[in-house]
Amino acid sequence: MNISELLLAEFRREAEMTRKVLERVPSDHFSWKPHAKSMSLGQLALHTAGMIGGVAELFDARIREVPVVPLPEATSVDEILTTLKQQTAVAESKLIAWGEAGLQETVRITNQGATMLEAPRYILVRSILFNHWVHHRAQLTVYLRMLDVPVPALYGPSADEM
C-alpha cells in the first residue's frame, strides 16, 4: 500500500468511529457546556462533524490563509449526521484526488500573510486533519461521560460496553 491508500483506509476507520460518537449526542443538551470557556455540546458536535471537509478544502491549495471558523450550535442530531456524511465525502474526495504526488506537495498556511504551517500535505493531513478531528471527538466523549451518556467503544471496549 502507498501513503494515499494508507491514509484513506485510516480516514474511513476514523470516520466510522466519529459517527458512532456523534450518534450518541443528546439533543436536549446541545447548549450544555462543561466550562464557560468551552464550546457547547451542540457547537462541538457540529464542529466535529463538519471540520474534516473544511480542513481538507484548506489543504487543497498550496498556499492558503487560515480562515475564521464559525461555531454554530447544532439544531438536531440529524443535522450533525448529515453534516458528517457531506464533509467526510468532501475530505475523502480530496484524499483520493491528491494521490501520492499531491500528498508530497508542500502546503503553506498563513495567518495575516505570515507563515503559520508549512509542510508536505501528507504531514498536515496526519497532524491537523486527522489528529485535530480525533482530538475533538475525544472531547465529545468526555462531554458524553459528564452527561452520563454511554460512550461507544472506539479503539477497544469502553467502560460502558464491556
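The values are calculated or read from the model by the stated rules, or taken from the named source; none is laboratory data. Just so it is clear, the structure is predicted and the values come from calculations on it, not from any experiment. Backbone-built Cβ (ideal geometry, glycine too); neighbour counts: all protein chains shown.
Restrict the check to the stretch 138-149 and report whether at least one residue is within 17 Å of Arg13 (Cβ to Cβ) and of a type outside the set (A, V, I, L, M, F, W, C). Yes, the stretch 138-149 contains a residue that is within 17 Å of Arg13 (Cβ to Cβ) and of a type outside the set (A, V, I, L, M, F, W, C).
Selection of the stretch 37-82 for residues being surrounded by 15 or more Cβ atoms within 10 Å (Cβ to Cβ), farther than 27 Å from Leu117 by Cα and among the β-branched types (Val, Ile, Thr) yields Val77, Ile80.
Each row is one residue, and each column tells you yes or no for (1) among the acidic types (Asp, Glu); (2) in contact with a helix residue (DSSP H, G or I) (Cβ under 6 Å, 6 or more places away or on another chain); (3) not in a strand (DSSP E or B).
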{"position": "Glu79", "(1), (2), (3)": "yes, no, yes"}
{"position": "Thr83", "(1), (2), (3)": "no, yes, yes"}
{"position": "Thr88", "(1), (2), (3)": "no, yes, yes"}
{"position": "Ser93", "(1), (2), (3)": "no, no, yes"}
{"position": "Ala97", "(1), (2), (3)": "no, no, yes"}
{"position": "Thr110", "(1), (2), (3)": "no, no, no"}
{"position": "Ala119", "(1), (2), (3)": "no, no, no"}
{"position": "Ile123", "(1), (2), (3)": "no, no, yes"}
{"position": "Arg126", "(1), (2), (3)": "no, no, yes"}
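It is to be established whether one or more residues within the stretch 116-127 are touching a Gly at 6+ places or on another chain (Cβ under 8 Å) and free of Cβ contacts under 8 Å to residues at least 40 places away in the same chain. Within the stretch 116-127 (the criterion being touching a Gly at 6+ places or on another chain (Cβ under 8 Å) and free of Cβ contacts under 8 Å to residues at least 40 places away in the same chain), the answer is no, since none of the residues qualifies. For the stretch 94-108, the set of residues classified as farther than 11 Å from Asp60 by Cα and under 20 Å from the mean Cα position of the chain (by Cα) consists of Ile96 only. With respect to the conditions (1) modelled with pLDDT under 95; (2) surrounded by fewer than 21 Cβ atoms within 10 Å (Cβ to Cβ), Gln104 lacks only one, and its number is (1). Return the total of residues in the stretch 38-47 being of a type in the set (S, T, N, Q) and in a loop (DSSP other than H, G, I, E, B). Residues that pass the stated criteria total 2.
Please work out if Ile80 is within 26 Å of Ser4 (Cβ to Cβ) and either in contact (Cβ under 8 Å) with a residue 40 or more places away in the chain or touching a Cys at 6+ places or on another chain (Cβ under 8 Å) (or both). Against the criterion (within 26 Å of Ser4 (Cβ to Cβ) and either in contact (Cβ under 8 Å) with a residue 40 or more places away in the chain or touching a Cys at 6+ places or on another chain (Cβ under 8 Å) (or both)), Ile80 does not qualify. The single condition from (1) among the charged types (D, E, K, R); (2) surrounded by 17 or more Cβ atoms within 10 Å (Cβ to Cβ); (3) not in a loop (DSSP other than H, G, I, E, B) that Arg24 fails is (3).
Listed here are the residues, each with its yes/no results for (1) aliphatic (A, V, I, L, M); (2) without any contact (Cβ under 8 Å) to a residue 24 or more places away in the chain.
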position	(1), (2)
Asn2	no, no
Leu6	yes, yes
Arg24	no, no
Ser27	no, no
Pro34	no, no
Ser40	no, no
Ile52	yes, no
Val66	yes, no
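Within the set Gly113, Gly99, the sole residue that is touching a residue at least 40 places away in the same chain (Cβ under 8 Å), loosely packed, with under 11 Cβ neighbours inside 10 Å and either in contact with a strand residue (DSSP E or B) (Cβ under 9 Å, 6 or more places away or on another chain) or not charged (D, E, K, R) (or both) turns out to be Gly113.
Scanning the stretch 48-70 for residues that are of a type in the set (Lys, Arg) and not in a strand (DSSP E or B) yields a single hit, Arg62.
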